[in-house]
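**Student:** I'd like to ask you about the structure that follows.
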Amino acid sequence: MILYNGQFVEREEVSIDIEDRGYQFGDGVYEVIRVYQGQCFAMKEHLDRLERSSKEIKLDCPISRMKLEDNINQLIKKDRLTNGIVYLQITRGAAKRTHQFPEHAKSVLTAYTSEMERPLANLQNGINTKLVDDFRWLRCDIKSLNLLGNVLAKQEAQENQCYEAILHRQGTVTEGSSSNVFIVKNGKLYTHPANNFILNGITRQYVLRFAKEEHFEVIENTFSTEELLKADEVFITSTTSEISPVVKIDDQIIGEGRPGIVTAALQKKFEEEINKLVSHVS
Ligand code: PMP
């Protein structure tokens, strides 16, 4: 089923206007929420971020927060989703094509679920990555539908047999094409500060909390591609990739070419968090 402005509609019956501004301008925002055993992980944090992104682009959500939460849970039940994601987007709606905001468009919220297993092989063995130039706009903190810069970076990584692109602006590492990046050096964690150059990932925020709980020092500061390549450990975080160790960047093997101990400790905390969520079921 598709959630369309508060209604549940069969996919074949949804009609999106050719002049929907999401379609023509990428004028909208989105979220991807992870579902484990039919339960939403970090729903509150995702909806908080959706509200923030909407506000930043002056977009109204067509339904209330309470109704949206309820609709998402209903959608998961109707689709009988166990492991997967909920994709959710709000566009500025349909109107005659002009760049400026139209006067009478009504925003459109759509959501659907998709099955997805956990990336267990990547979590265990790590991933290969490629350094790619970050030429995106300067509001990467907004989870906007405009993802062309991210799409091109991911494609470049994939064409080089890599799972993820690690982006940098003139040698300063920002984030992944669809993830955040952490490095570990001498037992300390480093990650780009949550400013306009990166999306403040929900998984990133969980990792910051786990690190505190485990008494790892975290420095939210920029680091260079050189520091990245010389790190003891590198990992990426995202809703779908969770905490994935990076074992190779371009031709450089990271650490010992397998997931490091700090990464493993954080992965364990994440596992506990999932267990807490799913243990409420049944
Ligand atoms: N940065 C970018 C550019 C992303 O697309 C994502 C994935 N949404 C992230 C970071 C990670 O965010 P999260 O942990 O909330 O999935």
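**Student:** Within the range 166-212, which residues are aliphatic (A, V, I, L, M), under 18 Å from residue 274 (Cβ atoms) and in contact (Cβ under 8 Å) with a residue 40 or more places away in the chain?
**Tutor:** Listed by number, the residues that qualify are 202, 207, 211.
**Student:** Quick check on this structure: which one of 245, 193, 259 is outside the structural domain of residue 29 (by TED's automatic domain parsing), assigned to a loop (DSSP other than H, G, I, E, B) and surrounded by 22 or more Cβ atoms within 10 Å (Cβ to Cβ)?
**Tutor:** 259
**Student:** For the range 29-53, enumerate the residues that are more than 13 Å from the ligand (Cβ to nearest atom) and either open to solvent by 30 Å² or more (accessible area, probe 1.4 Å) or at positive phi (or both).
**Tutor:** 37, 38, 39, 51 - these are the residues of the range 29-53 that are more than 13 Å from the ligand (Cβ to nearest atom) and either open to solvent by 30 Å² or more (accessible area, probe 1.4 Å) or at positive phi (or both).
**Student:** Answer yes or no: is there a residue in the range 217-228 that is within 15 Å of the ligand (Cβ to nearest atom), within 15 Å of residue 255 (Cα to Cα) and either under 21 Å from the mean Cα position of the chain (by Cα) or not assigned by TED's automatic domain parsing to the domain that holds residue 50 (or both).
**Tutor:** No, the range 217-228 has no match at all.
**Student:** Here is a follow-up. Would you check which residues across the range 78-126 are of a type in the set (Asp, Glu) and under 21 Å from residue 236 (Cα atoms) and list them?
**Tutor:** 117
The values are calculated or read from the model by the stated rules, or taken from the named source; none is laboratory data. Just so it is clear, the model here is predicted, and its values are computed rather than measured. In this analysis, Cβ positions are derived from the backbone assuming ideal geometry, glycine residues included, and neighbour counts consider all displayed protein chains. Please note that ligands, DNA and RNA were not included when accessible areas were found on the heavy atoms of the full protein model with its side chains. Shrake-Rupley method; radii C 1.70, N 1.55, O 1.52, S 1.80 Å.
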